[in-house]
């Protein structure tokens, strides 16, 4: 009996050690896998960037005629192909075309259009470049990488749904604001009793962890008398309001408006479209560099605002 | 290091508020789960085919679904607007724990030699008398460690309910972190609070176990 027990422990001990070791090696191998995936993603982004290079070709064709239209800012333009970044994924500002999807205002005709970008930022830039007659190469990249890339000179400019803030102004020069992008208060489409902040008394707010909406809700809960619930992701937050488990939510106005517009959030509607300060989005270049590009952007922006192109582009994505 | 933890008093009230919710959900949820578990266990040892199957399917389904999915499915898909958040959270935790409870009860009862039931029956006790007087008192002692295990497990599982916006201890810490980015500090406070509560529970269960095991040393 005693021997049997000894034998048992002799067998069990190595088994345990082996399984622990196996556990360790399994976890390390999964880390490697993750790294590989990250690598692949980077590769994909590069591919998308390469494909985006096709755009300047068309622009070049029209460059001559636009320049003749006579703009003052492009007098100094020397024909450089600017590298301009957009956010890799930030609907409705920049959206990558996927197989089988159609973009508003953009018809997918060939396989070449797949992986191409559209969205407010992309179309505005395209319209401005066409008006001013400069060439560019669209470089979609991760939002957090954009300012470092501007500073290092990897890219010349960026149009990435970036809010103009004082902190960023220390690193980059901004154009005039091209879009006012604030937070909206969103309610269930059947809701009729919320139209101002005073109506929030006794209501339940849903917000997403770590967003400006959460900060605003927590700071104003006592003032307006509502309770705050926090969800880990946008989908749950929106579901809670659609189900009636919460009365309202706070989300970036262009983002939620676009989702309602394309029918993704048909149970929701915007009750108040501007909460607190409404920051402007700006086109950015590295501080003190590319002044010509910035001047052309500003001039082109003013021009397309005047000739109606601007409103047409915004209306494709945002319904008022 | 001392300086580093001096901040903790500032966050303690809200963290304790979260702990209160964690404890309410865990205690009420487990109490409900015990009732449900007893019922399910009775089903599964009843010897009646239909009841056994019902218990079997329930246990398989509930144990086979991650609590996170159960919570999201129940709260957003089934309960929707019919219940408040707190009762919903309690029910979800109870459903999850009841399947494990049923198995703990069944294992405890079946650990007692069937010969004892036969002996009791031959002495003229009815099935229920034999259960109540002979089997259950012994089975209960065997179950205590597993029951405590399940209670601790469910107490920590409440953290998963933050997915449906339950503002329990973990969520409270996460929300504070979202504003001040002090992840290391706040998660360590939360971890210490969980640790203290669970250490107390473990001590308590050891005491109960010792009280009941008068026959063993």
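The values are calculated or read from the model by the stated rules, or taken from the named source; none is laboratory data. In this text, all values refer to a predicted model and were calculated from it rather than measured experimentally. Every residue, glycine as well, gets a Cβ built from its backbone with ideal geometry; the counts of neighbours run over all protein chains shown.
Checked against (1) free of Cβ contacts under 8 Å to residues at least 24 places away in the same chain; (2) more than 11 Å from every other protein chain (Cβ to nearest Cβ), residue A:154 meets all criteria but (1).
Is it the case that some residue within the range B:23-40 is within 30 Å of residue A:234 (Cβ to Cβ), away from every other protein chain (no Cβ under 14 Å) and either loosely packed, with under 13 Cβ neighbours inside 10 Å or without any contact (Cβ under 8 Å) to a residue 60 or more places away in the chain (or both)?
Here is the first cut: in the range B:23-40, the ones within 30 Å of residue A:234 (Cβ to Cβ) are B:24-26, B:29.
Subset that is away from every other protein chain (no Cβ under 14 Å): B:24-26, B:29.
Checking which are either loosely packed, with under 13 Cβ neighbours inside 10 Å or without any contact (Cβ under 8 Å) to a residue 60 or more places away in the chain (or both) leaves us with none.
Within the range B:23-40 (the criterion being within 30 Å of residue A:234 (Cβ to Cβ), away from every other protein chain (no Cβ under 14 Å) and either loosely packed, with under 13 Cβ neighbours inside 10 Å or without any contact (Cβ under 8 Å) to a residue 60 or more places away in the chain (or both)), the answer is no, since none of the residues qualifies.
The helices (runs of 4 or more DSSP H) located wholly in the range B:84-183 that include 3 or more residues which are more than 25 Å from residue B:213 (Cβ to Cβ) occupy B:85-111, B:114-122, B:169-180.
One line per residue, one yes/no per condition, for (1) at pLDDT 90 or above; (2) surrounded by fewer than 23 Cβ atoms within 10 Å (Cβ to Cβ); (3) in contact with a helix residue (DSSP H, G or I) (Cβ under 7 Å, 6 or more places away or on another chain):
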{"residue": "A:145", "(1), (2), (3)": "no, yes, no"}
{"residue": "A:160", "(1), (2), (3)": "yes, no, yes"}
{"residue": "A:167", "(1), (2), (3)": "no, yes, no"}
{"residue": "A:173", "(1), (2), (3)": "yes, yes, yes"}
{"residue": "A:177", "(1), (2), (3)": "yes, yes, no"}
{"residue": "A:181", "(1), (2), (3)": "no, yes, yes"}
{"residue": "A:186", "(1), (2), (3)": "yes, no, yes"}
{"residue": "A:190", "(1), (2), (3)": "yes, yes, no"}
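Across the range A:199-214, which residue is surrounded by the most Cβ atoms within 10 Å (Cβ to Cβ) among those that are away from chain B (no Cβ under 11 Å) and touching a helix residue (DSSP H, G or I) at 6+ places or on another chain (Cβ under 7 Å)? Among them, the one singled out is A:200.
For the range B:43-81, a tally of residues being in a loop (DSSP other than H, G, I, E, B), more than 10 Å from chain A (Cβ to nearest Cβ) and either loosely packed, with under 12 Cβ neighbours inside 10 Å or free of Cβ contacts under 8 Å to residues at least 24 places away in the same chain (or both) returns 5.
Quick check on the range A:268-290. Is at least one of its residues in contact with a helix residue (DSSP H, G or I) (Cβ under 7 Å, 6 or more places away or on another chain), modelled with pLDDT of 90 or more and within 12 Å of chain B (Cβ to nearest Cβ)? So far as the range A:268-290 goes, no, none of its residues is in contact with a helix residue (DSSP H, G or I) (Cβ under 7 Å, 6 or more places away or on another chain), modelled with pLDDT of 90 or more and within 12 Å of chain B (Cβ to nearest Cβ).
Looking at residue A:115, is it surrounded by fewer than 17 Cβ atoms within 10 Å (Cβ to Cβ), in contact with a helix residue (DSSP H, G or I) (Cβ under 6 Å, 6 or more places away or on another chain), over 21 Å from residue A:71 (Cα atoms) and modelled with pLDDT under 90? In short, no.
Residues that are farther than 22 Å from residue A:94 by Cβ, at least 3 per element: which strands (runs of 3 or more DSSP E) completely within the range A:144-238 meet that?
Values: elements: A:172-180, A:183-188, A:204-208, A:227-231.
Hits in the range A:144-238: A:183-188, A:204-208, A:227-231.
Here's a check for you: in the range A:216-245, which residue that is closer than 15 Å to residue A:270 by Cα and buried (at least 24 other Cβ atoms within 10 Å of the Cβ) is farthest from the other protein chains (Cβ to nearest Cβ)? Across the range A:216-245, the extreme among qualifying residues is A:241.
The single condition among (1) at pLDDT 90 or above; (2) in contact with a strand residue (DSSP E or B) (Cβ under 7 Å, 6 or more places away or on another chain) that residue A:152 does not meet is (2). The test for being within 20 Å of residue A:161 (Cβ to Cβ) and not in a helix (DSSP H, G or I) holds for residue A:265. Taking the numbered list (1) in contact with a helix residue (DSSP H, G or I) (Cβ under 9 Å, 6 or more places away or on another chain); (2) within 14 Å of chain A (Cβ to nearest Cβ) in turn, residue B:145 passes all entries but (2).
For the range A:252-259, the criterion of being surrounded by fewer than 22 Cβ atoms within 10 Å (Cβ to Cβ) and either in contact with a helix residue (DSSP H, G or I) (Cβ under 7 Å, 6 or more places away or on another chain) or within 14 Å of another protein chain (Cβ to nearest Cβ) (or both) is satisfied by no residue at all.
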